[in-house]
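For reference, the structure is listed below as structure tokens.
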Amino acid sequence: MAIVIKTPKEVDKMRIAGRLAAEVLDMIKVHIVPNINTATLDRLCHEYITTKQNAFSACLNYHGFPKSVCISINDVVCHGIPSEDEILKEGDIVNIDVTVLKDQYHGDTSAMFIVGRATTHAQHLCRITQESLYLAIRMVQPGMRLRALGCVIQRFVEKQNYSVVREYCGHGIGRKFHEEPHILHYDAEDGGVILQPGMAFTIEPMINAGDSKVYCMSDGWTVRTKDSSLSAQYEHTVVVTQNGCEIMTLRQDETIPRILTY
Ligand code: MF3
Ligand code: CO
Ligand code: CO
């Protein structure tokens, strides 16, 4: 299957789906406080998506995933399953990953939230992870090699002695939740993909404070760092424009422009 180039009408739909996904994160932010359990956060997101947005969560039942959003705390890298038994505590770093399906198009985004106050180290990991995403986004333009994105992310985070998770990557997105191409967050052979206007994909680096190795728990979903070090992730859905890119999933608290021109 080749990479799908989105028409301007499709990009309009992706802009809407992306905005809805971002608005779920804007909404949930104030609820991320000590003593709340992650099933409650999931329920708030689910209600918001289905009732307020008249949309669907693309995660719910996706390959059997049992909840509407992924919530990944501290050493959980990704795909954490919300649970009544998982209770946020002061200093936790929490990723919430939301994928909304609206009018047949997907918007996929995640961000880190800090419960109360975290250590300087944890804050730094989150900031560097977000900055690595922004560095890659600022490079996106037609004619460039996709491979350069992973290259810049890896170089930047390894300079801080952090590591890039290899097992999970970003992805093309549109009518399908996950489509071509794979977006690697480290430097590797990628078949020489050159970006073109209308390509839509996520960039979603998972960055570990320690070693890059991860494992999947027996629930079949929850991914943790092998060395129990902290892990952070930020994700945006972007579309390549004639001279740069547009961020479909920009949140209120972000200062990076939605439309980037090279
Ligand atoms: N939202 C994740 C991504 O960024 C995928 C989650 S799949 C799920 O691609 F089933 F775990 F929800
Ligand atoms: Co994604
Ligand atoms: Co996601």
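The values are calculated or read from the model by the stated rules, or taken from the named source; none is laboratory data. No experiment lies behind these values; they were computed from the predicted model shown. Cβ: placed from backbone, ideal geometry, glycine included. Neighbour counts: every protein chain shown.
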- Query: Does Glu189 fit the bill of being among the acidic types (Asp, Glu) and either modelled with pLDDT under 95 or surrounded by 21 or more Cβ atoms within 10 Å (Cβ to Cβ) (or both)?
  - Reply: yes
- Query: Is at least one residue of segment 168-179 within 21 Å of Val94 (Cβ to Cβ) and surrounded by 22 or more Cβ atoms within 10 Å (Cβ to Cβ)?
  - Reply: yes
- Of the residues Leu135, Leu125, Leu149, which is crowded, with 22+ Cβ neighbours inside 10 Å, among the hydrophobic types (A, V, I, L, M, F, W, C) and either under 20 Å from Leu260 (Cβ atoms) or more than 17 Å from the chain's Cα centre (by Cα) (or both)? Leu149
- Only one of Asp85, Asp108 is in contact with a strand residue (DSSP E or B) (Cβ under 8 Å, 6 or more places away or on another chain), charged (D, E, K, R) and surrounded by fewer than 18 Cβ atoms within 10 Å (Cβ to Cβ); which? Asp85
- Task: Please indicate, with yes or no, whether at least one residue in segment 2-21 is surrounded by fewer than 21 Cβ atoms within 10 Å (Cβ to Cβ), among the hydroxyl-bearing types (Ser, Thr, Tyr), in contact with a helix residue (DSSP H, G or I) (Cβ under 6 Å, 6 or more places away or on another chain) and at pLDDT 95 or above.
- Result: no
- Query: Across segment 152-167, which residue is farthest from His185 (Cα to Cα) among those that are crowded, with 20+ Cβ neighbours inside 10 Å and among the aliphatic types (A, V, I, L, M)?
  - Reply: Val157
- Quick one: is Val69 within 15 Å of ligand 1 (Cβ to nearest atom) and of a type outside the set (Ser, Thr, Tyr)? yes
- Message: Which count do you get for residues in segment 230-247 that are aliphatic (A, V, I, L, M) and either over 12 Å from the mean Cα position of the chain (by Cα) or away from ligand 3 (no atom under 15 Å from the Cβ) (or both)?
- Response: 4
- Item | Candidates His171, His178 - the one that is free of Cβ contacts under 8 Å to residues at least 24 places away in the same chain, closer than 18 Å to His79 by Cα and touching a strand residue (DSSP E or B) at 6+ places or on another chain (Cβ under 6 Å) | His178
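Considering each residue of segment 55-91, count those that are part of a loop (DSSP other than H, G, I, E, B), more than 29 Å from Arg15 (Cα to Cα) and in contact with a Lys or Arg (Cβ under 8 Å, 6 or more places away or on another chain), and give that number.
3
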- Message: List the residue pairs whose Cβ atoms are under 7 Å apart, where the first residue sits in segment 97-108 and is within 14 Å of ligand 2 (Cβ to nearest atom), the second is of a type in the set (Phe, Trp, Tyr) and in a strand (DSSP E or B), and the two are 6 or more positions apart or on different chains.
- Response: Leu101/Phe56
- Note on the structure: From the option list Lys89, Lys67, single residue qualifying as away from ligand 2 (no atom under 15 Å from the Cβ), closer than 18 Å to Ser218 by Cβ and either modelled with pLDDT under 95 or not acidic (Asp, Glu) (or both) is Lys67
- Which one of these is more than 20 Å from Phe201 (Cβ to Cβ), buried (at least 21 other Cβ atoms within 10 Å of the Cβ) and either under 18 Å from the mean Cα position of the chain (by Cα) or of a type in the set (A, V, I, L, M) (or both): Val98, Val115, Val76? Val76
- Note on the structure: So, first residue farther than 18 Å from Phe177 by Cβ in segment 225-238, second residue β-branched (Val, Ile, Thr) and away from ligand 1 (no atom under 13 Å from the Cβ), Cβ within less than 6 Å, six or more apart or across chains; the pairs are Thr225/Val214; Ser231/Thr225; Ala232/Thr129; Ala232/Ile207; Tyr234/Thr129
